[in-house]
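J.: Quick one: the structure is below, and I'll ask about it shortly.
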Amino acid sequence: DIVMTQSPDSLAVSLGERATINCKSSQSVLYSSTIKNYLAWYQKKPGQPPKLLIYWASSRESGVPDRFSGSGSGTDFTLTISNLQAEDVAVYYCQQYYSTPPMYTFGQGTKLEIK
Amino acid sequence: QLQLQESGPGLVKPSETLSLTCTVSGGSIGSSGYYWGWIRQPPGKGLEWIGSIYYTGSTDNNPSLKSRGTISVDTSKNQFSLKLNSVTAADTAVYYCARHRVGARVFDYWGQGTLVTVSS
């Protein structure tokens, strides 16, 4: 199985500042034939289901504010939240969808709070 | 707007079978291009994919569940279901149903989730 490891486990950032969350996969999730990274990011708030933010490592889902951006390739990825807002307080998860046969795995989550 | 809603018992006894149904509204479960899946989150822990099904009945399952899980689809009712047998306390979790795309296999629509507790 591809193991996804996020860092840090938690972080506190001031309103208006930038938050950076990292995700590392145990093997590359870059598919050579499509030149796409099979990596997604989700936001989860208490009592709500996860919300898809980013797929293909850097493609923003429709309706997601542009202060959310994804980057990285191969095994190392980053979710950046610029101009942090109070409503961004949540746990963030990365997910790989590279495995064949399908075996979707998530990172352990990163809890984002306001400083 | 696509909506998914989980239903089923909130309490299951150890060694018995957990059964949940997801009802899809606002769209057809028979649409090509989408799988329908189950994901769970134990209290205080992360997300775990359980398995997914295509409207044709083709399934993918998480091997870590050691074949305890079975996913089925009923296109006439626009529903899909999960059965997890021989449950233990470790199966206590919030269970979500979700849609994922065939291309980018990401979960783009989710149910609200239902807490299932395994306890005698």
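J.: Might you check whether a residue that is farther than 19 Å from A:S10 by Cα and either within 9 Å of chain B (Cβ to nearest Cβ) or acidic (D, E) (or both) occurs anywhere in segment A:72-87? So that I can check it myself, show each step before the final result.
T.: So in segment A:72-87, the residues farther than 19 Å from A:S10 by Cα come out as A:72-75.
Narrowing further to those that are either within 9 Å of chain B (Cβ to nearest Cβ) or acidic (D, E) (or both): none.
No: zero hits.
J.: Sticking with this structure for a sec: Restrict the check to segment B:101-114 and report whether at least one residue is among the polar types (S, T, N, Q), more than 20 Å from A:I2 (Cβ to Cβ) and away from every other protein chain (no Cβ under 14 Å). Lay out the reasoning, then the answer.
T.: Filtering segment B:101-114 down to residues among the polar types (S, T, N, Q) leaves B:112, B:114.
Right, trim to more than 20 Å from A:I2 (Cβ to Cβ) and you get B:112, B:114.
Subsequent filtering for residues that are away from every other protein chain (no Cβ under 14 Å) retains none.
Taking every residue of segment B:101-114 in turn, none turns out to be among the polar types (S, T, N, Q), more than 20 Å from A:I2 (Cβ to Cβ) and away from every other protein chain (no Cβ under 14 Å).
J.: If only one of A:S71, A:S32, A:S58, A:S25 is surrounded by 23 or more Cβ atoms within 10 Å (Cβ to Cβ) and not β-branched (V, I, T), which one is it?
T.: Details: A:S71 fails: surrounded by 23 or more Cβ atoms within 10 Å (Cβ to Cβ); A:S32 fails: surrounded by 23 or more Cβ atoms within 10 Å (Cβ to Cβ); A:S58 fails: surrounded by 23 or more Cβ atoms within 10 Å (Cβ to Cβ).
Only one candidate passes the filter, namely A:S25.
J.: I'd like to know if segment A:43-58 contains one or more residues that are at negative phi, in contact with a Ser or Thr (Cβ under 9 Å, 6 or more places away or on another chain), within 9 Å of chain B (Cβ to nearest Cβ) and free of Cβ contacts under 8 Å to residues at least 12 places away in the same chain.
T.: no
J.: Answer with yes or no whether A:R18 is surrounded by fewer than 16 Cβ atoms within 10 Å (Cβ to Cβ) and more than 25 Å from B:N62 (Cβ to Cβ).
T.: So A:R18 fits the description; yes.
J.: Tell me the strands (runs of 3 or more DSSP E) entirely within segment A:20-103 that contain at least 3 residues that are among the small types (G, A, S). Steps first, answer last, please.
T.: Numbers: elements: A:39-44, A:51-55, A:68-73, A:76-81, A:90-96.
Result: A:68-73.
J.: Follow-up question, since we're still on this one. A:A19 is checked against (1) in contact (Cβ under 8 Å) with a residue 60 or more places away in the chain; (2) over 13 Å from the mean Cα position of the chain (by Cα) and fails just one. What number does that condition carry?
T.: (2)
J.: Another one. Sort out which residues of segment A:80-101 are within 15 Å of A:V29 (Cβ to Cβ) and either surrounded by 18 or more Cβ atoms within 10 Å (Cβ to Cβ) or in contact (Cβ under 8 Å) with a residue 24 or more places away in the chain (or both), and write them in order of number.
T.: Result: A:Y93, A:C94, A:Q95, A:Q96, A:Y97, A:Y98, A:S99.
J.: Continuing with the same structure: Keeping to segment B:12-45, report how many residues are over 14 Å from the mean Cα position of the chain (by Cα), farther than 19 Å from B:R105 by Cα and among the small types (G, A, S).
T.: Adding up the residues that qualify gives 4.
J.: Counting only residues that are more than 14 Å from chain A (Cβ to nearest Cβ) and of a type in the set (G, A, S), which one in segment B:68-95 is surrounded by the most Cβ atoms within 10 Å (Cβ to Cβ)?
T.: Narrowing segment B:68-95 to residues more than 14 Å from chain A (Cβ to nearest Cβ): B:68, B:70, B:72-92.
Filter once more, so that each one left must be of a type in the set (G, A, S): B:72, B:76, B:81, B:86, B:89-90.
Values: B:S72: 13, B:S76: 8, B:S81: 20, B:S86: 12, B:A89: 11, B:A90: 8.
Step by step, filter segment B:68-95, then rank; the result is B:S81.
Only the coordinates and a few stated rules stand behind these numbers; no lab work does. Because the structure is predicted, anything quoted here is derived from the model rather than measured. Using ideal geometry, Cβ is built from the backbone for each residue, glycine included, and neighbour counts are taken over all protein chains shown.
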